[in-house]
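Visitor: My questions all concern the structure below.
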Amino acid sequence: MNKTALRALLRERRALIAPESHGFARPTGQGRRAPGLSQHQVDQLLHRTFGTYHRLESGNYPNPPTSLLRDIARLFGLNEQEWVSLCRYALLQDPPGPLHLSSGKEVPGVWQEAVDGIRHMAYVTDASWEMLAYNRRFATMFPHGKVPANTLRWMLLDPHGRETLLDWDTAWAPMVLPQLRAALAARPDDDVLRQIEKEVLAETQTADLYATGNSHPHPDGDERPLLHAQEGRGWVTMCAAQPLTAPGSRLMILVFHPGETRIHARAGILRAT
């Protein structure tokens with residue numbers, strides 16, 4: 001627990017909430033003059049026993065339950081980045097999932113301009129793998145430039161996807177299916193992901209691969225064979241990043257090289273010297 005940072009974050013955000021907005025009267029005579037909710041009022045609003053919030057803010061609550069942290073974050077109106085900070089300060093780890101189910105479903109519009117400026121194939125998907133933005137170079141990967149609405153469903157279930165993703169059953173599906181499992185662990189109530197999982201389980205081949213439970217958390221740096229609609233057979237190396245305002249979303253940059261020879265299979269690691 002980082003007591004100093006935790007105390008500073010909680011005090012700052014608690015001070016911004018007017019007691020009157022939650023039905024509390026501000027004292028007019030002798031008594032508390034500090035801005036915002038009192039620690040006891042926070043306990044009342046969260047239906048916690050007296051002193052619970054004080055223990056947390058003072059740094060005397062080791063390993064607080066994430067349910068308490070989530071309730072406080074929502075009461076204080078924290079955004080997703082502040083939610084991550086709260087969990088890191090209180091638990092020394094990232095949160096188990098987003099603060100709000102709607103998070104990860106949108107990114108600032110400037111991402112389209114940013115993607116357009118990338119010379120390699122590039123796109124941005126939301127936390128459900130729904131397409132948000134892509135550049136023209138990426139569209140050329142598909143016959144007639146028809147980009148799929150959901151890249152996860154396309155990779156796992158679309159017959160055209162299996163033709164494009166060469167060696168689909170060994171080089172692609174076993175790496176992609178664990179990402180579906182990981183996404184659902186973080187977002188168990190996501191209707192889009194649940195539907196994709198339902199379709200995966202309804203097909204014998206994908207269901208068997210899904211049942212193996214392999215662990216492959218992200219594709220960053222992976223190099224896999226791919227059939228480009230215009231440039232033919234080749235190898236694509238994937239660079240993955242996440243817009244910070246949208247947990248679960250992804251910026252994917254695909255570096256494609258036509259031909260039978262792998263280019264980045266033994267590429268070095270970049271590190272500061």
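Visitor: Over the Cα atoms of segment 89-137, what radius of gyration and what Dmax do you get, in Å?
Guide: 14.3, 44
Visitor: Report the net charge of residues surrounding LEU75, where surrounding means a beta-carbon distance below 10 angstrom and charges are Lys +1, Arg +1, Asp -1, Glu -1. Walk me through the numbers before you get to the answer.
Guide: Numbers: positive: ARG13, ARG14, ARG70, ARG74; negative: ASP71.
Charge balance near LEU75 sits at +3.
Visitor: In terms of the Cα gyration tensor, with a ≥ b ≥ c the square roots of its eigenvalues, is segment 110-258 rounded because a/c is under 1.5, prolate because a/b exceeds b/c, or oblate?
Guide: On the way: a/c = 1.71, a/b = 1.20, b/c = 1.42.
Judged from the Cα gyration tensor, segment 110-258 comes out oblate (a/c at least 1.5, b/c at or above a/b).
Visitor: Using a Gaussian network for the chain with springs between C-alpha atoms less than 10 Å apart, which of these wobbles most: HIS47, HIS160, HIS257?
Guide: Greatest mean-square fluctuation among the candidates belongs to HIS47.
Visitor: Among the trypsin sites (Lys or Arg not before Pro) in segment 105-148, which ones are in a DSSP loop with at most 12 other Cβ atoms within 10 Å of the Cβ? Mind listing them?
Guide: Passing both the DSSP loop test and the Cβ count: ARG119, LYS146.
Visitor: Whole-Hz ³J(HN,Hα) for each residue in segment 223-233, computed from phi via Karplus 6.51 cos²θ - 1.76 cosθ + 1.60 with θ = phi - 60°, x for glycine and proline: what do you get?
Guide: 10, 9, x, 8, 9, 7, 4, 10, 9, x, 5
Visitor: Let me ask something else about it. Could you pull out every residue, at least 5 positions away or on a different chain, whose amide H is within less than 5 Å of the one on LYS105? Hs are placed 1.01 Å off N in the peptide plane, and Pro or chain starts have none.
Guide: ALA127
Visitor: Now for a separate question. Which whole-Hz ³J(HN,Hα) couplings does segment 70-78 yield from phi under the Karplus relation 6.51 cos²θ - 1.76 cosθ + 1.60, θ = phi - 60°, glycine and proline marked x?
Guide: Working through the residues one at a time gives 5, 5, 5, 4, 6, 4, 7, x, 5 Hz.
Visitor: Using the Kirkwood radius built from alpha carbon pairs, what does the Stokes-Einstein equation give as D for the chain at 10 °C and 1.306 mPa s, in µm² per second?
Guide: Working: Rh = 21.5 Å.
This corresponds to a translational diffusion coefficient of 74 µm²/s.
Visitor: In terms of the Cα gyration tensor, with a ≥ b ≥ c the square roots of its eigenvalues, is segment 155-222 rounded because a/c is under 1.5, prolate because a/b exceeds b/c, or oblate? Walk me through the numbers before you get to the answer.
Guide: Working: a/c = 1.63, a/b = 1.24, b/c = 1.32.
Because a/c hits 1.5 or more and a/b fails to exceed b/c, segment 155-222 counts as oblate.
Visitor: For GLU12 and ALA207 in one chain, what is 0.36 nm times their gap in residues minus the Cα-Cα distance, to one decimal in nm? Walk me through the numbers before you get to the answer.
Guide: Details: separation 195, 0.36 × 195 = 70.20 nm, distance 4.86 nm.
Result: 65.3 nm gained on full extension.
Visitor: Counting each DSSP H run of 4 or more residues in the chain as -39500 (n - 2.57), what helix-only mean residue ellipticity at 222 nm follows after dividing by all residues, to the nearest 500 deg cm²/dmol? If you can, show how the numbers build up before the last one.
Guide: Numbers: 12 runs with 106 residues, N = 273.
About -11000 deg cm²/dmol.
Visitor: Output ³J(HN,Hα) for segment 55-64: one whole-Hz value per residue in order, computed from phi by the Karplus curve 6.51 cos²θ - 1.76 cosθ + 1.60 with θ = phi - 60°, and x for Gly and Pro.
Guide: The phi angles translate into 4, 5, 5, 7, x, 10, 10, x, 6, x Hz.
We did not get these values from a lab; they are worked out from the coordinates using the rules stated. Treat the numbers as computed from the prediction; the structure is a model and nothing was measured. Virtual Cβ from ideal backbone geometry, glycine too; neighbours counted across all protein chains shown.
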